[in-house]
Each structure stands twice: as structure tokens, then as C-alpha cells.
DNA sequence: CAGCAAGTGTTGACGTTGTCAACACCGTGC
DNA sequence: GCACGGTGTTGACAACGTCAACACTTGCTG
């Protein structure tokens, strides 16, 4: 055994962590992914990062603030994936379908994270400006794509916010029902996604003659 | 002050409650409605019913079981309201729209209750047979209506489970986004509901010549 | 009618959790 | 070289879900 009981030389971890906020956020996301939102405890993520249970309070006001930050990152990631899908395609009809698949895919691949974003653990009359910005950004990705399609005469030339919200509602609905395990009634999940996006498209497509 | 400290004559409440399960369920729903799911504590609802904190365990296995029962009642109420809307109309296109309005209306009028049904507080790999039955019943109301409309040539003659799930996804999406306060970007909520249901209808309508 | 068993409700206690208050350590600027 | 704000720690507390042990009540069996 090492004789030095006190004053250990070269402690492997200095008193100040360096970027504890980042580390806590990462660890929180890992834990949520593994055990769900309900399984997240402040004490455990502190321990996992190698820090005491209340160190977190120097970086987040409370548990809700931590979850809000997690949600904010989720919206940022979601927007990136939506934009990627849209840009990878030809900014056309097919690319729009790909965006829908990407949205639902994000939710299904990260169910617990998605739940933090929409499950009511956050906000509830509290407005976090940073969260609003990122959520708005993800929504805007959808609006931009629809605007392009309207311009090209692919989609109806209607109130774009209304149309975007309609589209969002559908993919959000499919995503949350899938996450909640409510889709066992239908056959293959991929078939449902394809069908639903096709019917969505029919509903908002421009049917005028060119 | 009454001299009788012990052995009070005629206790206003007998030892056995009579129908404690029913009372607990009602009180739980009232509390959830008032303070949300997160605000529900077993101790408080016990106290509110005038019973000790653990009396509840004679009627529900644990907190989750109580919430599952609340969710089950929610699905039952939802089905009733859907069927009412469908039957009140002429079993036609307009009645179907009314069903959509009723669905979203239920969620918006009972946001916390709706969240218990879909927010992942329940099931999560656990299957409650009674819950499944009621959830299935609500879904079936939708299937029945769509089947009638397909028969009448109003809606496309496609896989009915697929179509019903698509419809369900849309109304569920609108409902949850509304509950989560994510629809402030759009204008009047009623306009969105009308628009969304109209576009939904276009997407699944039968366009063949009669 | 005696008594026993199952059902129902109570009290006490335990471990866990989020959070606050008070204190300790660290780095930087005067 | 020293004060100070930022950062991390320990101790404590109330609230919560849940278990175990006990008490009362009702209804059945002999």
C-alpha cells in the first residue's frame, strides 16, 4: 500500500475538472440512452464522471436544467440529420421523403433522447432561450425544404407554417407511436413509414397541370 | 373539547372503505389533472382519500400499476368520445373529420391524462392485458370508421391497418405537439386542426371516378 | 356459536433521491 | 502576496416508494 495517506502527489485528477459541464452532459446522455430518462440520477452521473454528487449544481440550476440541455443538443443533432438527408438528395421530392425517414429514424434510434425532447420533462411553462433556438432551427429545416418544393411546383402553394406543422405532426406521430411500442398492430415498421410518407405527399402535392 | 379521547363512538369512516380502489383511481386522476403526472405522489392521494399511505398497495401492485389503470380508463373514455363523434354524424366524410377533432380535443382537454396514456410512464416492456384491450378498442373505433368509408368508396381501398395507423399517427402527432406547447409557431390552433385533417383526407381519399 | 382464514388498513422503518448550506480548494488580477 | 470569484466537497434534510409486521373486519366452516 502506498504510505502517503494524505497529500497524495500527482493526483490523477486535479481539483478542477476542466470541462465538467461537457462531461456531465455527455454522461447524462449515455445514461439516458442506456437506462431511460426515469433511470437518470444526478448522484450517479456525478459518480460516473468521478465527481461529487452536487458538483453538477455549479453548471446546471437543477435536474430540469440538465435535461433541458440534453434536449437542446437533441434538437441540434436532429436538425443536422434532417439537413443532411435533404442535401444528400437532389432537393426534390425524393429528398423530402428521405428527410421524413431521417426524422423517424432519429427518434427510433434514440428513443430516450427523443423522449427528453418531447416528453414534457422539459419546459412546461418554462422557456429556455437556447432550447427555443435549436427547436426552431430543426423546424426551419423542414420549412426550407417545403419552400423549395413549393417554388418548384411540387407541393401546394399554401401557408408554409401550416403545411410544415402538418408534416411535422405526422412524422412526430409515427415516431412517438413507434417509440411507445404502439405499432405492433401494423406489419413491418418500414412499410408503415413508406406508406405514411407516401400518403402525406399525396395530401400536400400540387395537382395542377404544369 | 370532546372528552372521549379514545374509543370514539360512531367513527364517520368505517375501517373498511368500501370501494377504495375506485376512490383512489378517481383521486389519482383529479390530482394528475391538477398537478401533472410528475406531481402525483402515493402518499398524497392516500391522504386525500382519507386513508393511510400504504393502503393503496392492497389494490395496486405499485405506482406504475396505478398509472396503468389510469391510462386504461383514458383509452376507454377516448374510445367513447370517438364513437360518439362518428355516430353523431352520418357515418360519412364529415363524421370522420369530427372524429379527428374529437381525438385531438380529448388530448388537449386532458393533457396530463393523455400523457399518462402515451408518455412512457406505463408499459415499457410490461404488458397489461386490460390496458391492451382498451387501447385496442380505441384503435378499432378508427378502423371501423375507415372500413365503412372504404366500403362507400370515399377512401382508398388499401390495407386498413396501415391506413388506420397513418391516420392515428397524424392526430396523435398534432395532439402531442399541442400538449407540449410546440405549436406556437402556427397561428390559431383550430385552423391547424382543420388544415391538417383536410390534407389528411386528401391523402387517403379515393380519387377514382365513381 | 366458536374460531379461523382471507381481505383490508395501519404504523414503523429503510434506502434513494434532489437540493440546500457551509466549507475547502484553485487560479487569476491587483 | 493576497483577496476574490469560480469550482468542488461534505453534511444534512425532507420527501418519496416500498417492505415488513401488526391490527381490525368480514365471512366461511365446523
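The values are calculated or read from the model by the stated rules, or taken from the named source; none is laboratory data. These figures come from a predicted structure and were not determined experimentally. Don't worry about glycine lacking a Cβ; one is built from the backbone with ideal geometry, like all the others, and counts go over all protein chains shown.
Using the structure shown, decide if residue B:172 is within 24 Å of residue A:137 (Cα to Cα) and assigned to a helix (DSSP H, G or I). The answer is yes for residue B:172. Number of residues in region B:175-184 that are touching a residue at least 24 places away in the same chain (Cβ under 8 Å) and either more than 7 Å from chain A (Cβ to nearest Cβ) or not in a helix (DSSP H, G or I) (or both): the value is 3. The selection criterion, being within 25 Å of residue A:111 (Cβ to Cβ), in contact (Cβ under 8 Å) with a residue 12 or more places away in the chain and surrounded by fewer than 17 Cβ atoms within 10 Å (Cβ to Cβ), does not hold for residue B:154.
Close contacts from region B:190-209, counting a first residue that is over 15 Å from residue A:206 (Cα atoms) and a second that is surrounded by fewer than 23 Cβ atoms within 10 Å (Cβ to Cβ) and at pLDDT below 95, with Cβ to Cβ under 6 Å and a gap of 6+ residues or different chains, come to B:192/B:186.
Of the residues making up region B:151-167, those that are more than 7 Å from chain A (Cβ to nearest Cβ) and closer than 26 Å to residue B:117 by Cα are B:160, B:163, B:164, B:167. Only one of the numbered conditions (1) farther than 30 Å from residue A:37 by Cα; (2) at the interface with chain A (Cβ under 10 Å from one of its Cβ atoms); (3) assigned to a helix (DSSP H, G or I); (4) without any contact (Cβ under 8 Å) to a residue 60 or more places away in the chain is not met by residue B:187, and that is (3).
For residue B:70, the test of being within 14 Å of another protein chain (Cβ to nearest Cβ), within 15 Å of DNA strand D (Cβ to nearest atom) and surrounded by 14 or more Cβ atoms within 10 Å (Cβ to Cβ) is failed.
On the stretch given as region B:31-51, residues that are within 17 Å of residue B:122 (Cα to Cα), within 13 Å of DNA strand C (Cβ to nearest atom) and either in contact with a strand residue (DSSP E or B) (Cβ under 9 Å, 6 or more places away or on another chain) or free of Cβ contacts under 8 Å to residues at least 12 places away in the same chain (or both) total 2. Using the structure shown, decide if residue A:107 is modelled with pLDDT of 95 or more, assigned to a helix (DSSP H, G or I) and within 12 Å of another protein chain (Cβ to nearest Cβ). Against the criterion (modelled with pLDDT of 95 or more, assigned to a helix (DSSP H, G or I) and within 12 Å of another protein chain (Cβ to nearest Cβ)), residue A:107 qualifies. Can you find a residue in region A:53-66 that is away from DNA strand C (no atom under 16 Å from the Cβ), closer than 26 Å to residue A:26 by Cα and touching a helix residue (DSSP H, G or I) at 6+ places or on another chain (Cβ under 7 Å)? No, the conditions are met nowhere in region A:53-66.
Would a scan of region A:83-94 turn up a residue that is in contact with a strand residue (DSSP E or B) (Cβ under 9 Å, 6 or more places away or on another chain) and either under 29 Å from residue A:205 (Cα atoms) or in a helix (DSSP H, G or I) (or both)? Yes, there is a match, as at least one residue in region A:83-94 is in contact with a strand residue (DSSP E or B) (Cβ under 9 Å, 6 or more places away or on another chain) and either under 29 Å from residue A:205 (Cα atoms) or in a helix (DSSP H, G or I) (or both).
Pairing residues of region B:52-73 that are in contact (Cβ under 8 Å) with a residue 24 or more places away in the chain with residues that are outside any helix (DSSP H, G or I) and surrounded by fewer than 18 Cβ atoms within 10 Å (Cβ to Cβ), at Cβ distances under 6 Å and at least 6 apart in sequence or on separate chains, gives B:68/B:128.
The residue of region B:33-58 that is nearest to DNA strand D (Cβ to nearest atom), among those that are crowded, with 17+ Cβ neighbours inside 10 Å and away from every other protein chain (no Cβ under 14 Å), is B:42.
I'd like to know if region B:180-190 contains one or more residues that are in contact with a strand residue (DSSP E or B) (Cβ under 9 Å, 6 or more places away or on another chain), surrounded by fewer than 17 Cβ atoms within 10 Å (Cβ to Cβ) and over 18 Å from residue A:118 (Cα atoms). There is no residue in region B:180-190 that is in contact with a strand residue (DSSP E or B) (Cβ under 9 Å, 6 or more places away or on another chain), surrounded by fewer than 17 Cβ atoms within 10 Å (Cβ to Cβ) and over 18 Å from residue A:118 (Cα atoms). Just checking, does region B:117-129 include any residue being modelled with pLDDT under 95 and outside any loop (DSSP other than H, G, I, E, B)? Looking through region B:117-129, at least one residue is modelled with pLDDT under 95 and outside any loop (DSSP other than H, G, I, E, B).
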